[in-house]
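Read the figures in this text as sums done on the coordinates, not as results from a lab. All values derive from a computational prediction rather than experimental measurement. We place every Cβ from the backbone using ideal geometry, glycine too, and count neighbours over all the protein chains shown.
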Amino acid sequence: MQFWFARDSDVPIREQLFTQVVLGILSDDLPPGHRLPSTREMARRFHLHANTVSAAYRELQKARWVEFRHGSGVYVRSSKPDTASAPQFALDQLISNLFRSAREIGAPMATVRSRLRQWLAMQPPDHFLVIEPDEELRSIVISEMKKVLDFSVLGANLDICRQAEDLASAIPVALPSKVEAVRKSLPAGTECIALHVRSVPASLGEWIPVASDKLVGVASRWPGFLQSARTMLIAAGFDADALVLRDARKSGWQDGLRSTAAVITDSLTVNDLPRKVRAITFPLLAESCLDELRRYQHFISAPIE
C-alpha cells in the first residue's frame with residue numbers, strides 16, 4: 001500500500017498515518033495478516049520521526065486494528081473492530097474507494113486533490129427545485145415540502161433544465177412519472193432526486209367504507225387528484241352519484257360541500273375549504289420521501305463536527 005503525508009497540513013502526521021492504515025484495512029488494501037512496515041523502516045522511507053510512527057501504531061493497536069507480535073512486527077488483525085460499522089468508518093471507506101479508483105484510472109494524487117478542492121469550493125445548494133410541468137400539481141408538492149423543510153422550495157417547468165444559472169444552487173426533484181424526462185433534460189452529471197408518492201388505498205383505507213347514503217366530496221385544484229380520487233372511491237364501492245367533485249380553480253367550487261359527510265382534498269386546497277366541513281387531507285408525498293429530503297438537507301447544511 002502506498003502512503004503519503006502532507007507536512008503543511010493542520011492534521012498531525014500521526015493522525016494521517018493512523019487514518020491511512022484504517023482506510024487500507026477497510027478497503028482490503030491491507031488484508032488480514034499483512035505486516036506493516038517497521039517503525040524504523042516507515043520513519044526512514046518517509047522521513048518521519050520514529051516516535052510519531054510508534055505513537056500511530058500504538059493507537060492502531062489500542063483501537064484493535066493491528067496487533068503486535070513479539071519479535072516479528074505489527075500485523076493487521078484477522079477481524080475488524082466493531083467500530084468499523086460506525087458511520088465515520090463507512091465514510092472513510094468511501095474515501096478510500098475514491099483514492100483506489102483514482103489510482104486504477106491513473107489519476108495522480110495532485111489531480112485528485114485539485115478536483116476535490118474545486119468541488120468543496122463550489123457554492124452548496126440552498127433550495128429544492130420542484131421540476132413539474134403541471135402547475136397545480138407542482139404547487140401541491142411545494143406546499144408539502146415547505147411544511148417539513150428549512151430550505152426554501154421553488155418550482156419550475158422543464159424549461160429551467162436548459163438554464164444553467166438557475167440550477168447552480170438548486171437541488172432538483174421530480175415526481176416518479178417525470179423524473180426520467182427531467183434527468184434527460186438536465187445538464188450531464190446533474191443529480192435529480194425522485195420523489196415518492198403515498199399509496200392512495202393505504203392512506204384513505206381508514207375512512208372506507210362510508211355509509212352508502214352519505215355524500216362524499218372531492219376537492220382540488222389539480223385535475224389529476226379529482227380523477228384519481230373518483231376512480232379509487234368508485235372501485236371501493238361508492239356510487240358515482242354520491243360523489244361531489246369540485247375543481248377549486250372554478251368560481252363557486254365550495255358550494256354544496258357543507259352537505260357532505262366529508263371532503264377528500266389535497267394538502268393545499270384544504271386551506272380554502274368552507275368552515276365546519278370535515279376534511280380528509282390526502283398528502284401526496286410519502287413520509288419516507290420527506291425523510292429522505294430532510295436527510296439531504298442535513299447533509300448539505302450540517303456544521304463540521
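The table below gives the values:
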read-out: Sequence ranges 245-253, 258-266, ranked by mean other-Cβ count within 10 angstrom, highest first; value: 258-266, 245-253
read-out: Dipole of the chain, positive end: most advanced residue of G189, W253, P31 [Cβ charges, Cα centre]; value: P31
read-out: Protection proxy ranking of 105-117, 271-283 - average other beta-carbon atoms within 10 Å, highest first; value: 271-283, 105-117
read-out: Exposure proxy ranking, count of Cβ atoms within 10 Å, fewest first, for V179, V76; value: V179, V76
read-out: H196, H298, H70 arranged by Cβ crowding within 10 Å, fewest neighbours leading; value: H70, H298, H196
read-out: Residues of type aspartates and glutamates that K184 reaches as a straight line, Cα spacing below 16 Å, ignoring anything fewer than 8 places off in the same chain; value: E132, D159
read-out: Proximal aspartates and glutamates to K214, defined as alpha-carbon separation beneath 14 angstrom and excluding residues fewer than eight positions away on the same chain; value: D239, D241
read-out: Rounded to 10°, Cα long-axis angle of helix 109-121 versus longest principal axis of the chain; value: 30
read-out: Options F99, L60, L285, ranked by Cα towards positive dipole end of the chain, top entry (Cβ charges); value: L60
read-out: Residue-span extension gain [L158 to D255] - 0.36 nm each, minus C-alpha spacing; value: 31.4 nm
read-out: R7-A107 FRET efficiency (beta carbon distance; Förster radius 25 Å; 0.05 resolution); value: 0.65
read-out: Separation of alpha-carbon centers, region 1-40 and region 213-290, rounded to whole Å; value: 62
read-out: Computed helical MRE - 222 nm, the chain, DSSP H runs ≥ 4 contributing -39500 (n - 2.57), nearest 500; value: -12500 deg cm²/dmol
read-out: Relative contact order of the chain, pairs being alpha-carbon contacts under 8 Å that are 6 or more residues apart, as %; value: 12
